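Step one of this worksheet: look at the structure below.
The values are calculated or read from the model by the stated rules, or taken from the named source; none is laboratory data. Nothing here was measured: the structure is a model prediction, and the numbers come from that model. Just so you know, the surface numbers come from the protein's heavy atoms only, side chains and all, with ligands and any DNA or RNA stripped out. Shrake-Rupley method; radii C 1.70, N 1.55, O 1.52, S 1.80 Å.
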Amino acid sequence: QVQLVESGGGLVQAGGSLRLSCAASGRTFSGYAVAWFHQAPGKEREFVAGINWSGGSTWYDDSMKGRFIIFRDNTKNTVALQMSSLKHEDTAVYYCAQSSRYFARRADEYVYWGQGTKVTVSS
């Protein structure tokens, strides 16, 4: 079993930056894909960025690429999401998730989920 806990959300002005962190306990991330999703009010949960824990390869939603960076900290067993140039439309609850696959983009490919951390971008 894997427990994921997100942190780092909060209120930020448009154009600002924020770093989210996802800490794993129980089984480690192993070699599987770990990703961030976000869900705005009234909308479906959407993929933001993913990383393969073993190889470190990353992939992004096109709208986030260049503004968001996903990276891992092996010593702390965490995956972080550095968000820059934030826009009002980035306002959402951000979730960390782990897949049983090495690469995944769809929410239904992810098995373990955190409780989410809320990000609000003021315009």
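First compute the accessible area of segment 55-123 with a 1.4 Å probe, then give the percent of it belonging to carbon and sulfur atoms. So the carbon and sulfur contribution to the accessible surface is 49 percent.
Which of the lysines could a cross-linker span from K76 if the Cα-Cα distance has to be under 23 Å and same-chain partners fewer than 8 positions apart are dropped? Answer for K76, where 23 Å is the Cα cut-off: K118, listed by chain and number. Solvent exposure of the chain, expressed per residue, is 51 Å² of accessible area, with all protein chains present and a 1.4 angstrom probe. Computed 3J(HN,Hα) for segment 12-27, one whole-Hz value per residue from the Karplus formula 6.51 cos²θ - 1.76 cosθ + 1.60 where θ = phi - 60°, is 9, 7, 4, x, x, 10, 7, 10, 9, 10, 10, 9, 10, 9, x, 5, glycine and proline marked x.
Could you work out the relative contact order of the chain, using alpha carbon pairs under 8 angstrom and six or more residues apart, expressed as a whole percent?
Numbers: 317 pairs, mean separation 43.4, N = 123.
Relative contact order, the chain: 35 percent.
For segment 104-114, backbone phi angles converted through the Karplus equation (6.51, -1.76, 1.60; θ = phi - 60°) give residue-by-residue couplings of 7, 10, 8, 4, 6, 8, 9, 9, 10, 9, x Hz, Gly and Pro being listed as x.
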